[in-house]
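The values are calculated or read from the model by the stated rules, or taken from the named source; none is laboratory data. Bear in mind the structure is a predicted one, so any value in this text is a computation, not a measurement. Here the Cβ positions follow ideal geometry from the backbone for every residue, glycine too, while neighbour counts run over all protein chains shown. Please note that ligands, DNA and RNA were not included when accessible areas were found on the heavy atoms of the full protein model with its side chains. Shrake-Rupley method; radii C 1.70, N 1.55, O 1.52, S 1.80 Å.
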4 protein chains.
Amino acid sequence: MDSIKIGIIGMGRIGKIHLENLSTRIDWVEVVAVVNPSKKGQDYALKFGVKIMSDDINVILENSEIDAVLICSPSDTHAEYAIRLAGAGKAIFCEKPIDLSLKKAKEVVAKVKEKNVSMMVAFNRRFDPDFAKIKREVGNGKIGNIQNLHIISRDPAPPTIDYIRQSGGLFKDMTIHDLDMARFIMGCEVTEIFATGSCMVDSAIGETGDIDTATVLLRFENGATAVIENSRKSVYGYDQRLEVFGSKGMLQVKNPLMTNVTKSDAQGSHSDVNLNFFVDRYKVSYLNEMQSFVKALINEYPVPISGEDGIKSIVLADAAYTSMRENRPIKLE
Amino acid sequence: MDSIKIGIIGMGRIGKIHLENLSTRIDWVEVVAVVNPSKKGQDYALKFGVKIMSDDINVILENSEIDAVLICSPSDTHAEYAIRLAGAGKAIFCEKPIDLSLKKAKEVVAKVKEKNVSMMVAFNRRFDPDFAKIKREVGNGKIGNIQNLHIISRDPAPPTIDYIRQSGGLFKDMTIHDLDMARFIMGCEVTEIFATGSCMVDSAIGETGDIDTATVLLRFENGATAVIENSRKSVYGYDQRLEVFGSKGMLQVKNPLMTNVTKSDAQGSHSDVNLNFFVDRYKVSYLNEMQSFVKALINEYPVPISGEDGIKSIVLADAAYTSMRENRPIKLE
Amino acid sequence: MDSIKIGIIGMGRIGKIHLENLSTRIDWVEVVAVVNPSKKGQDYALKFGVKIMSDDINVILENSEIDAVLICSPSDTHAEYAIRLAGAGKAIFCEKPIDLSLKKAKEVVAKVKEKNVSMMVAFNRRFDPDFAKIKREVGNGKIGNIQNLHIISRDPAPPTIDYIRQSGGLFKDMTIHDLDMARFIMGCEVTEIFATGSCMVDSAIGETGDIDTATVLLRFENGATAVIENSRKSVYGYDQRLEVFGSKGMLQVKNPLMTNVTKSDAQGSHSDVNLNFFVDRYKVSYLNEMQSFVKALINEYPVPISGEDGIKSIVLADAAYTSMRENRPIKLE
Amino acid sequence: MDSIKIGIIGMGRIGKIHLENLSTRIDWVEVVAVVNPSKKGQDYALKFGVKIMSDDINVILENSEIDAVLICSPSDTHAEYAIRLAGAGKAIFCEKPIDLSLKKAKEVVAKVKEKNVSMMVAFNRRFDPDFAKIKREVGNGKIGNIQNLHIISRDPAPPTIDYIRQSGGLFKDMTIHDLDMARFIMGCEVTEIFATGSCMVDSAIGETGDIDTATVLLRFENGATAVIENSRKSVYGYDQRLEVFGSKGMLQVKNPLMTNVTKSDAQGSHSDVNLNFFVDRYKVSYLNEMQSFVKALINEYPVPISGEDGIKSIVLADAAYTSMRENRPIKLE
């Protein structure tokens, strides 16, 4: 069997992670081209023996040897690149979101369907071993019928105001992961959303028109509810917990800590802070995600997260904004 | 100093707990009379040297020696007894709720004010050492400004359908504790409530018109939100957790377990179920609550939970019903 | 059935605990007499309706109505009282140790046997729900064959030097509990002991000739080893842990904490100190122990901890001293 | 600055780990040669761009460009290779043990000293973030004076009988890590050792003359004691814990688990098994260890674990055998 030939567009933080995983930990695959505007990103790829380096996406589009392409460039370029790659018949791995605009995202998905190529949207958290285990256990009926889901997702610190401005807002930038996770765990669709949000972390965020704190309540087809709590700042580190309650029990994901050291003294027992950086917290998820993409290509079965999943998370984030603005629950078809 | 003389109306489960605490663990107090319809309850009081035993409340109302009276009889008698006791000038300790009807509860509070007697409403959980510590830490600014509060409150098993029928419904029977706890921790008032409820535990509960599962979202004057999750049935035991997130940290109350034994085997590590019975879980809270009532009487300062607090919890429970019925957030003045 | 009539000698801390448990929580039993040198201790007994109060043990010895007697007086009086009570045909509940001297303890046990009375030695920790559960699980083969046992037993703070002087030394005062626990959990006898001890907490303890820190290694008939670690001072509170490792798994007893509150902040997560006082830590064990004694009397079956058990713990403590002094393992027959 | 040029002898499990770390995660270093008897191991090195591949150690010895060499070949070859490498003036990184024989290990250390080359002995656990944090906290006086150290070290399953036969026995194969760790944490030397051992896991191990279960008690210059518990088989996974108790507190290393998922059901709460494989458990330690070696070479300061450390662990393991055989404590000079 020939190995899958891969191109990567964008050699930023996430592009580098995928390149390292593909080059040293995944079999039957070869990264043959990297496209990045700066020389520095290209140089990084050298370490892993990538042969084609360019600042021009055409070296990928026009290279018939390349089977699949990872879009790891800035969010506002995803849709355009995806449409061009679909046109060139490449399988696509697209970092989230497909686009901030639902309309544009739908165009991408339509094009992908028209050209009959695979497109996977990179909700990496689905591949985290903890969340994946929850999904399996729920699916196997280990806790019976789900009644409540609770997701807590807090960043260690807010991004820059510049980042906030182009982020699409909290619901599309942060909550979107949790909305996808809620759908993933529940295994059915949201019927109604009620969202509240406020600016409690940094008034500069509020001045951009965005929020930094949110509580979102979802109802699902199966009758269960889910609550998502978000904050742009958690002083004790990256907080990524999930708890699902059912008729036969409860499953919880707890936060991994920086170390497993506990100190006991006259004030009590003290354990470490949470892993603080999403790249550390979700390290394994990125590897598993990429393995899953490659495995689907090799075995020619559907990618595990479709463009449709990408669309649904955007629809939910949009509905969250409407709900917050109008202070009422919003129904979803 | 003379000791406080106390009468108790009702020698059911909760009356017995208060009697034992007052008799053997609290100083400067004496239980002199117990009123209970059955002889069996009266006999229990004998063990603790109570001298006056009757099935007639007048032995208390007409006994000028008695300073304070505990109302531990069924909920639908609370209002009537409270009004008569206020009329007789007795200090009152009233189990929750004052009454299922807001109107009647307000009459009680008005009468208590008119007669200028003390009335404490028994939200015992405020005196639980864990929750009380959270309140202290929040009050001392240990976690900065509160942004989110999360209360999980699940019973180990639903009560009988007969109990359900006369309970006033989930919001007034179960959630009312959590509504009071949320106000207690936040230290300010609720401005808006959005409640969802459903019947997921037992369809027989649904047939009475009640719900057994609820998720309630509250907004507070300080801009923070709170989420309450309730269920009538948790297979892993009584689940009473609270988590409050602020700008400087997070505080959590975890469930006490039946034992502190952990077993590790080829399947993992296994710890015990939660304490299963509210009397065990809140054992210390009942003692602390009663000590707090007696201390207020002795020192002649206000009781720690007023009739007004009792009213506010009923108002919130009523608003939760309206919100659920009309599927919209309800504002509170 | 008539209730068991009980006398208590000594109304110190432990005598009071037993009196309260017998009077308010145990059925079919009545405390009829309390002997205590001071009036204050006698007054305490009044609260629980005890009728005979005296500073003279003869009110108990000569009262034919009394079935059983608790010896809760200072350690150096245990042997004498036990012998006299056996002579009077009373069932005996004797606080540990029977006597600091093995010879005298053996005389007591011989007398008890001669007079054919019951004598229970009060190793209360066997009745702690956590340790009792470990014993049950081990007995049921839940962890297979035991290979290692580990007991950590540390006091929150050393007693007074006066107490140290009359205590019999660390091995007879503290370690004796752990030696009994090790025999209890293992379900077989010690074959060899190797003990080390030193003075690391307070040099004033060393000046009395005693140690305050010890590590003891035991070998058992079943081939397993046990390690006991003792210290007179643990800054994080009373430390009472046990861990037993077997071919099919491991069982652990963890310390109960003052509260179940955890705070997370920029330094990590902080939980409370251990319960700090042996009376709180072993509260339930005292009740269960007394219930077990009463139950044995009522049902006329052997008491759960015999005089022989008391002897064996003294033999082991004596052997620990020899081992430490001679720096060699000591065999036991 | 030129990068350090490195050769690796042995491309087994541990050689591969070092190669991957050196190639992709450590700066200023280049692996230029790999020596391995089989072609397969050599092929693995190709992935990381290694240029010289051979089954002959002379390609390293005779290559003047190579600054440092990792000895990752079978234990019985360590001494010979180390002596030849020292002769060739190479800095050496030697997997533990230097040799099973103390005499031969001393010859190696003598040669290294004579030739004035660096030699680091690979006790990787010192570089584990958890154990390293304990060392730092102890060193900073965070828990005051150390009084007790407790190390539990159990393998998930015994190795093959063939491996056992050539391992040097439990004390030299397993306990040696814990003996080094005890010296590392204490920061002073062992003065006396008392060791017990038995065969409780598999009688086939006993038939080779080896043990599979051990409890070892150490005394240190600072007056503290340490206990090491070893077993060749732990059904709940790789068990690597450490607890150090001092005058101001206690530090503990807990086991990392396979996942951070907990399930609660009617039987209690269930968390995952321990990480099961030493390569996963100590993954980060291997990286940190290698970084530390490279950093010492670059900065020309002493390597963090010397040949002398390697000698001392062998001396202690030998003394453990003597103690077990003669059933007495053995003094060390």
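At a threshold of 20 Å², the residues of the stretch D:185-234 that become less accessible to a 1.4 Å probe in the full protein assembly than in their chain on its own are D:Phe194, D:Thr196, D:Met200, D:Thr213, D:Thr215, D:Leu217, D:Arg219, D:Gly223, D:Thr225, D:Val227, D:Glu229.
Label point 7 Å out from A:Ser101 along Cα-to-Cβ: which residues of the stretch A:313-333 have amide N under 19 Å? Correct set: A:313-319, A:321-322.
Among rounded, prolate and oblate, which fits the stretch A:79-176 when a ≥ b ≥ c are the square roots of the eigenvalues of its C-alpha gyration tensor, a/c under 1.5 means rounded, and a/b larger than b/c means prolate? Oblate.
Taking every pair of alpha-carbon atoms in the stretch B:226-320, give the share separated by more than 16 Å as a whole percent. Summing the P(r) of the stretch B:226-320 above 16 Å gives 75 percent of all pairs.
Extents of the stretch B:208-274, taken as max minus min of Cα coordinates on every principal axis and listed largest first, are 49, 45, 19 Å. The C-alpha atoms of chain A define a longest principal axis, and helix A:102-115 lies at about 40 degrees to it.
Among the listed pairs B:Lys96/B:Lys283; D:Lys133/D:Lys295; B:Lys5/C:Lys16; C:Lys106/C:Lys295, those whose Cα-Cα separation exceeds 24 Å are B:Lys5/C:Lys16; C:Lys106/C:Lys295.
Per-residue mean of foreign Cβ neighbours for D:235-245 is 5 (Cβ atoms of other chains, 10 Å radius). Dividing the summed -39500 (n - 2.57) terms of all DSSP H runs of n ≥ 4 by the residue count of chain A sets its mean residue ellipticity at 222 nm at -11000 deg cm²/dmol. With the convex hull drawn around the C-alpha atoms of the stretch D:4-122, the volume per residue stands at 87 Å³. Sequence-distant contacts, meaning Cα pairs under 8 Å at least 6 residues apart, place the relative contact order of chain A at 19 percent. At the listed q of 0.13, 0.15, 0.16 Å⁻¹, the Debye profile of chain C, built from one uniform point per Cα, gives log10 I(q)/I(0) equal to -1.04, -1.34, -1.46.
Against the main long axis of the alpha-carbon atoms of chain C, helix C:129-139 sits at an angle near 70°.
Summary for B:Lys113: label point 7 Å along Cα→Cβ; distances to the equivalent points in the other copies, ascending, 6.3, 7.9, 9.1 nm. This model, with +1 at the C-beta of Lys and Arg and -1 at the C-beta of Asp and Glu, gives the protein assembly as shown a dipole about its Cα centre of some 0 debye. Over both sides of the D-C contact, add up the buried accessible area with a 1.4 Å probe and give it to the nearest 100 Å². Roughly 2900 Å² of accessible surface disappears when D and C pair.
Counting only protein chain heavy atoms and rolling a 1.4 Å probe, the accessible areas of C:Asp210, C:Asp162, A:Asp67 rank, largest first, as C:Asp162, A:Asp67, C:Asp210. Dimensions of the stretch C:109-229 based on its C-alpha atoms, expressed as ranges along the principal axes with the largest first, amount to 46, 40, 28 Å.
Going by accessible area, probe 1.4 Å, with all protein chains left in place, what is the ranking of C:Cys199, A:Cys188, largest first? Working shown, then result.
On the way: C:Cys199 55, A:Cys188 20 Å².
Correct descending sequence by accessible area is C:Cys199, A:Cys188.
A Gaussian network model of chain B, with springs between Cα atoms under 10 Å, assigns the largest mean-square fluctuation among B:Ile311, B:Ile14, B:Ile98 to B:Ile14.
Positive-end ranking of B:Ser23, B:Gly7, B:Leu275 along the dipole of chain B, with charges on Cβ about the Cα centre, is headed by B:Leu275.
Taking all protein chains as present, what is the carbon and sulfur share of the accessible area of the protein assembly as shown, in % to the nearest whole number, probe 1.4 Å? Ligands and nucleic acids excluded, carbon and sulfur give 49 percent. Between A:Tyr163 and D:Ala266, the simple label model (points 7 Å from Cα in the Cβ direction) yields a spacing of 4.8 nm. Buried on complex formation within the stretch D:3-33 (loss of at least 50 square angstrom of accessible surface versus the isolated chain, 1.4 Å probe, ligands and nucleic acids ignored): D:Thr24. If you line up the long axis of helix C:75-87 against the longest principal axis of chain C, both from Cα atoms, how many degrees apart are they, to the nearest 10? Between the helix axis and the principal axis of chain C, the angle is about 50 degrees. Solvent-accessible surface of protein heavy atoms, probed at 1.4 angstrom with all chains present, puts D:Ile60, A:Ile17 in the order A:Ile17, D:Ile60, largest first. From the Kirkwood radius over Cα pairs of the protein assembly as shown, Stokes-Einstein at 4 °C and 1.567 mPa s returns a whole-number translational diffusion coefficient of 37 µm²/s. Between the stretch C:89-112 and the stretch A:98-170, the C-alpha centres lie 72 angstrom from each other. Potential lengthening of the chain between B:Asn222 and B:Asp56 amounts to 55.0 nm, from the contour at 0.36 nm per residue minus the alpha-carbon distance. Once the Cβ-Cβ distance of C:Lys115 and C:Leu46 is raised to the sixth power relative to R0 = 45 Å, the FRET efficiency obtained is 0.90.
Where Lys and Arg each count +1 and Asp and Glu each count -1, what net charge lies around A:Ser234 among other residues with Cβ under 9 Å from its Cβ?
Values: positive: A:Arg154, A:Arg232, A:Lys233; negative: A:Asp155, A:Asp239.
Residues close to A:Ser234 contribute a combined charge of +1.
Considering only DSSP beta bridges with both partners in chain A, what is the antiparallel share in %, to the nearest 5? Antiparallel: roughly 55 percent of the beta bridges in chain A. Expressed as a whole number of Å, what is the distance separating the alpha-carbon centroids of the stretch A:269-332 and the stretch A:58-85? When both Cα centres are located, 21 Å separates them.
Over chain C, with the other protein chains present, what is the accessible area per residue in square angstrom, probe 1.4 angstrom? Intermediate values should be presented prior to the final figure.
On the way: 12770 Å² over 333 residues.
For chain C, the per-residue accessible area is 38 Å².
Position B:Leu332: other-copy label points at 3.0, 6.3, 6.7 nm, ordered by increasing distance, label point 7 Å along Cα→C-beta. If you take the square roots of the eigenvalues of the alpha-carbon gyration tensor of the stretch B:265-333 and sort them as a ≥ b ≥ c, do you get rounded (a/c under 1.5), prolate (a/b over b/c) or oblate? Oblate, since a/c reaches 1.5 and b/c is not below a/b. Consider a paramagnetic label point 7 Å from the Cα of B:Trp28 along Cα→Cβ; state which residues of the stretch B:1-17 have an amide N under 13 Å from it. Label zone hits: B:1-5.
The accessible area of C:Val315, taken with all protein chains in place and a 1.4 Å probe, comes to roughly 50 Å². Projected label points at A:Ser247 and B:Glu65, each 7 Å from Cα along the beta carbon direction, are separated by 5.8 nanometres.
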